[in-house]
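So the structure is just underneath, and the comments pick up after that.
The values are calculated or read from the model by the stated rules, or taken from the named source; none is laboratory data. Predicted model, so just to flag it, every value in this text is computed and none were measured. Heads up, the Cβs are rebuilt from the backbone with ideal geometry, glycines too, and the neighbour counts pull from every protein chain shown. These accessible areas exclude ligands, DNA and RNA; they are computed on the full protein's heavy atoms, side chains included. Shrake-Rupley method; radii C 1.70, N 1.55, O 1.52, S 1.80 Å.
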Amino acid sequence: MTTNIEQLTGQSILAGQSTTGTGRTVNGFNPATNQPLEPGYSLIDTEQLKLATSAAAEAFDSFRALDPEKHAAFLEAIADNIEAVGQELVERAMAETGLPAARLNGERGRTTGQLRLFAKVVRQGDFRGVRIDPALPERTPLPRVDIRQRKIPLGPVAVFGASNFPLAFSTAGGDTASALAAGCPVVFKAHNAHPGTSEIVGRAITQAVTDADLHPGVFSLIYGPGASIGQALVADPVIKAVGFTGSRSGGTALMATAAARPEPIPVYAEMSAINPVIFFEGVLAEDPEGHAKAYLGSVTGSSGQLCTAPGLVFAPQGAAGDAFVKAIAPATTSSTGQTMLTEGIYNAWTEGVSALEKQDGVELLGRGAEGDSENAPGPVIFAAGVEQLLTNPVLQEEIFGAASLVIRYNSAEELVSTLSQLEGQLTATLQLNESDYPVAAQALPVLETKAGRILINGWPTGVEVGDAMVHGGPFPATSAPQTTSVGTLAIERFLRPVAYQNFPDSLLPQPLADENPWNLNRRIDGTLKLAGE
């Protein structure tokens, strides 16, 4: 597959067909210069949206019935096609987001690696959750009937692209990959901040659909305003689940629409987190200056535009905490701002920082220099006390970008009490050495109820894609804390269990047939039986 920037059409892809929208035209912008990028993208209307959702409904039955090998090969073909585009994809993403090539090359690798990991999962088939309780006609006092269970796909899924990950959480990224792996057709709404990047990847998926001889409704890429097309997409009766990464206001608006439908549907929304990092005295005393630099590095990476960025840090009162706070000022003032993703995100960051620094009891610890480009504010670190944090909700609001707040605490009891009053988070991090274990042990039971991932002696920025990863957490971090949007467990968001009772062999779905034609691991009469046994 080959694509170049001159071939970009500015059109939606509705079930394989490039389609010009009837609405206004929007452009991507280079955030380093605030200059528009060509081509303009025409926005579809609700009637055109129906073409995509109707095709997804038509594609569902055949797509969900794919055998594991063909299904897995389709996911691998998407990955191959994305790689085949070459550096033109990275160059377009750089122009639309201001992100550096190294970050975007890594993001592309994560995207294709995730697709290939999910292909492996599809071949293995454990996510199908096959359970078989054979009939026990001689059981007393009552016989047991034959009952078999598997998980089936929910149906077509609406996925919304994230602003801060133009590849890994966008067109072929986490939500799309997991929905397709589950057997659900996807109607993907592109983020208007990187429309060209979305089109390039959308073509890669569409080509894989064609090459695999699948129904074209398996994937559609649409451009449209979120307030109308996005809401209409979630309200469409064909759609059975939603994947979203973005703001709390955007996520809750989609949740409200999904809940108000005649048939409510699940919304898997990742929204807002400040990801507390807790320093304990023992580890902080070892190298307060080094910890201050590491903290700032995590705050400023990708201009702070990561959902796991540490927006809140706890440091103990005393000499070690004092040295840590003292080291923050020179580390911050020597830093330089990086281009943010969009002018709108830059403006929201500016408003958030302005609101925070106006609050009573909030002290500025350090401010970096603005970058040379547009939309590149200097990083900023503030400090406040526990009382201010707990009595002023502004101090717990996420500022999306390179800004963070340091809170000093007096005792383990005060720390644990404060943590118990925080909102839900994606991550919580403990910085400690062995001398800190007793105090950390008091905090861990609270953190388990507050965060989806707990780290020790690391930084929360950076999310591994694997079997054990959880990228989720209690509201407002996500709308569904029982799930994850990263890792192989993410596939199960788009499945539901079905039991089959007293079915004759000829009517059993293949995963449940006695001969196990798909060679799956299955739990039979309560015992796990591996494929081939």
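See the values below:
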read-out: Exclusive hit being under 20 Å from the mean Cα position of the chain (by Cα) and at pLDDT 95 or above, set Arg128, Arg92, Arg123, Arg108; value: Arg108
read-out: Count of residues meeting criterion [among the hydroxyl-bearing types (Ser, Thr, Tyr), open to solvent by 10 Å² or more (accessible area, probe 1.4 Å) and more than 10 Å from Gly183 (Cα to Cα)] in segment 51-63; value: 1
read-out: Positions within segment 284-301 being in contact (Cβ under 8 Å) with a residue 40 or more places away in the chain and crowded, with 20+ Cβ neighbours inside 10 Å, in sequence order; value: Leu284, His291, Tyr295, Leu296, Ser298, Val299, Thr300
read-out: Given (1) within 19 Å of Phe63 (Cβ to Cβ); (2) part of a strand (DSSP E or B), number of the condition Asp175 does not satisfy; value: (2)
read-out: Residues satisfying the stated conditions in segment 217-269, i.e. without any contact (Cβ under 8 Å) to a residue 40 or more places away in the chain, among the hydroxyl-bearing types (Ser, Thr, Tyr) and touching a helix residue (DSSP H, G or I) at 6+ places or on another chain (Cβ under 7 Å); value: Thr257
read-out: Those residues of segment 34-51 which are in contact with a Gly (Cβ under 9 Å, 6 or more places away or on another chain), part of a loop (DSSP other than H, G, I, E, B) and farther than 18 Å from Leu8 by Cα, in sequence order; value: Asp45
read-out: Enumeration of residues in segment 64-92 that are closer than 12 Å to Ile205 by Cα and open to solvent by less than 10 Å² (accessible area, probe 1.4 Å); value: Phe74, Leu75, Ile78, Ala79, Ile82
read-out: Residue selected from segment 93-104 under the condition touching a Leu at 6+ places or on another chain (Cβ under 8 Å) and touching a residue at least 60 places away in the same chain (Cβ under 8 Å), by the criterion surrounded by the fewest Cβ atoms within 10 Å (Cβ to Cβ); value: Ala95
read-out: Counted residues, segment 193-208 - those being among the charged types (D, E, K, R) and surrounded by 24 or more Cβ atoms within 10 Å (Cβ to Cβ); value: 1
read-out: Qualifying residue in segment 341-357 (condition: more than 12 Å from Ala403 (Cα to Cα), part of a strand (DSSP E or B) and touching a Phe, Trp or Tyr at 6+ places or on another chain (Cβ under 7 Å)); value: no
read-out: Residue that is surrounded by the fewest Cβ atoms within 10 Å (Cβ to Cβ), among those in segment 476-491 that are of a type in the set (A, V, I, L, M, F, W, C), over 10 Å from the mean Cα position of the chain (by Cα) and part of a loop (DSSP other than H, G, I, E, B); value: Ala480
read-out: Qualifying residue in segment 209-223 (condition: outside any loop (DSSP other than H, G, I, E, B), open to solvent by 10 Å² or more (accessible area, probe 1.4 Å) and either of a type in the set (S, T, N, Q) or closer than 28 Å to Gly98 by Cβ (or both)); value: yes
read-out: Lone qualifier among Val130, Val159, Val145, Val122 - being farther than 30 Å from Phe503 by Cα and not charged (D, E, K, R); value: Val159
